[in-house]
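Before any comments, here is the structure.
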Amino acid sequence: MFNKILIANRGEIALRIIRTCREMGIQTVAVYSTADRDSLHVRFADEAVCIGPPSSAESYLSVPQIMAAVEITNADAVHPGYGFLAENADFAEVCLEYDIKFIGPTPEQIRKMGDKITAKETMIKAGVPVIPGSEGLIKDLKQGLKTAADIGYPVILKATAGGGGKGMRVVWQEEDFEANWNMARNEAMASFANDGIYIEKFIEEPRHIEFQIAGDQNGTVVHLSERDCSIQRRHQKLLEECPSPFMTDELREKMGEAAVQAGKAINYEGVGTVEFLVDKHRNFYFMEMNTRIQVEHPVTEEVIDHDLIKEQIKIAAGEMISGDNFYPNAHAIECRINAEDPFNGFRPSPGVISSFHSSKGHGVRVDTHVYAGYTISPYYDSMIAKIICRARTREECITKMERALDEFIIEGVKTTVPFHQRLMKDENFRKGNFHTGFINEFDLEK
Ligand code: MV4
């Protein structure tokens with residue numbers, strides 16, 4: 001087992017990782033930018049190293065700064081958390097070269113899933129259903145028009161270097177193809193310095209259902225059931241839950257098996273997430289794989305009663321997992337609380353938290369790094385807390401969440417709490433009747 005883990009992250013996930021390390025008797029090193037001097041991860045870690053100014057590029061994204069912190073503290077492993085360097089294959093490779101264990105998959109596994117066309121080709125070979133579309137990259141406008149006509153409109157143009165919704169364009173009819181083609185290529189070049197584009201059939205009103213998987217260094221891969229992440233706004237997830245209200249035992253078996261096949265196809269090591277789009281007929285298609293721990297991992301932890309960070313660390317240390325899948329024993333919902341004004345287009349609302357009271361009580365978990373007096377910096381993402389509720393049924397879980405939201409007090413900044421309070425009351429949400437376009441149709445003032 002590791003002696004000392006350096007956490008290359010900040011905020012609630014850094015705290016989350018420190019907690020598990022303490023329980024496992026592993027020493028911790030926090031790294032922080034000058035904007036995070038007064039953060040709890042700095043206080044709760046055994047050691048802390050300042051790695052630069054507030055800008056992420058010069059601190060949390062700086063491989064030389066982080067490797068220097070590893071060197072001076074003599075850490076033997078790095079946990080990247082999510083965001084920042086978590087899916088940076090070059091960083092994972094530098095760790096490998098310096099004989100520091102990167103707690104996550106190998107650089108090769110990260111690269112295979114990071115390039116979306118390579119990922120899709122790998123899934124086709126593994127027998128995992130993918131969205132019908134072009135075979136590989138589209139060379140030029142002419143080939144694009146022909147491919148789109150063959151697939152049939154509507155189609156969607158995606159950047160191979162993209163993901164998470166960046167560089168995507170939906171085309172409803174042939175006469176709009178050329179303009180969208182040009183925009184997609186320009187956007188992809190500007191965002192990713194790679195203008196490779198591929199085309200898929202556009203799936204209308206899909207659900208986003210993802211499977212948590214885990215694979216060990218021995219080649220065993222299992223799934224830990226699904227999370228429904230269809231409640232999103234501009235590709236930012238707002239709420240996640242397990243089980244999905246759309247799930248059946250039969251569909252879970254089929255999708256779970258596909259997720260395990262996806263992991264096995266790349267010999268996946270670590271915990272990861274296989275994202276699927278599911279249409280109204282319950283056809284499911286591989287969309288992307290995330291090779292990191294995700295924000296919404298507590299939803300799974302609550303329903304299967306396992307610590308996923310602990311599993312990550314054990315796998316990284318070479319421990320084997322049992323070959324059994326995990327199924328939900330309860331219902332869990334996570335509401336992401338962001339310092340944003342939901343009545344003003346979710347505009348960020350940084351500033352000082354003047355007072356803070358966390359929701360508490362049976363079946364309520366709040367993962368947060370904030371406290372009264374804490375300053376929310378405009379430099380980083382605006383998520384300040386996750387309220388996770390667990391109950392035996394979805395109905396009870398929603399009721400508990402309503403209570404937990406009412407009890408959550410934060411003053412000094414605007415938050416997305418009122419959005420979630422309104423969502424909990426929505427008839428379609430309560431019925432489990434929603435898809436990824438739901439929030440665009442959802443009127444907060446109603
Ligand atoms: C799609 C799609 C419909 N059809 N692909 C968005 C994020 C990126 N991972 C892929 N995304 C989508 N791909 C086809 N062929 C619709 C989306 C999509 C979406 C997916 C998941 C969650 C929210 C979404 C919101 C809008 C579009």
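Just a few scattered comments:
- When a 1.4 Å probe is rolled over the protein heavy atoms, the share of accessible surface on the range 1-82 that falls to carbon and sulfur comes to 47 percent.
- Separation of the alpha carbons by more than 30 angstrom is noted, of LYS158/LYS310; LYS116/LYS146; LYS142/LYS166; LYS237/LYS400; LYS112/LYS146; LYS201/LYS237, for LYS158/LYS310.
- Counting only DSSP beta bridges with both residues in the chain, the antiparallel share comes to about 80 percent.
- For q = 0.18, 0.22 Å⁻¹, Debye-computed log10 I/I(0) when each Cα of the range 66-121 counts as one equal scatterer: -0.59, -0.80
- Apportionment of accessible area to carbon and sulfur, the range 126-207, percent (1.4 Å): 49 percent
- The range 211-244-the range 351-401 distance, computed between alpha-carbon centres (Å): 20 Å
- Summed over qualifying helices (DSSP H, 4 residues or more, each -39500 (n - 2.57)) and divided by its residue number, the chain shows a 222 nm mean residue ellipticity of -9500 deg cm²/dmol.
- With the whole protein complex present, ILE124 retains an accessible surface near 100 Å², based on a 1.4 Å probe.
- Each Lys or Arg adds one and each Asp or Glu takes one away; over the other residues whose Cβ falls under 15 Å from the Cβ of GLN217, this sums to -2.
- Rounded percent of accessible protein surface that carbon and sulfur make up, the range 225-333, 1.4 Å probe: 40 percent
- Farthest positive-ward along the chain dipole, Cα basis, beta-carbon charges - from ILE156, PRO105, LEU238: LEU238
- Accessible area of ARG22 in the full protein assembly, 1.4 Å probe (Å², nearest 10): 140 Å²
- Pairs of alpha carbons in the chain separated by more than 28 Å make up 52% of all such pairs.
- Accessible surface of ARG430 - all protein chains present, 1.4 Å probe, nearest 10 Å²: 100 Å²
- Computed with a 1.4 Å probe over protein heavy atoms only, the accessible surface of the chain comes to 42 Å² per residue.
- Highest average packing first - 216-229, 87-100, Cβ atoms within 10 Å: 216-229, 87-100
The values are calculated or read from the model by the stated rules, or taken from the named source; none is laboratory data. No experiment lies behind these values; they were computed from the predicted model shown. Neighbour counts are summed over all protein chains in view; Cβ atoms, including those assigned to glycine, are modelled from backbone coordinates with ideal geometry. For accessibility, only protein heavy atoms count, side chains too; no ligands or nucleic acids. Shrake-Rupley method; radii C 1.70, N 1.55, O 1.52, S 1.80 Å.
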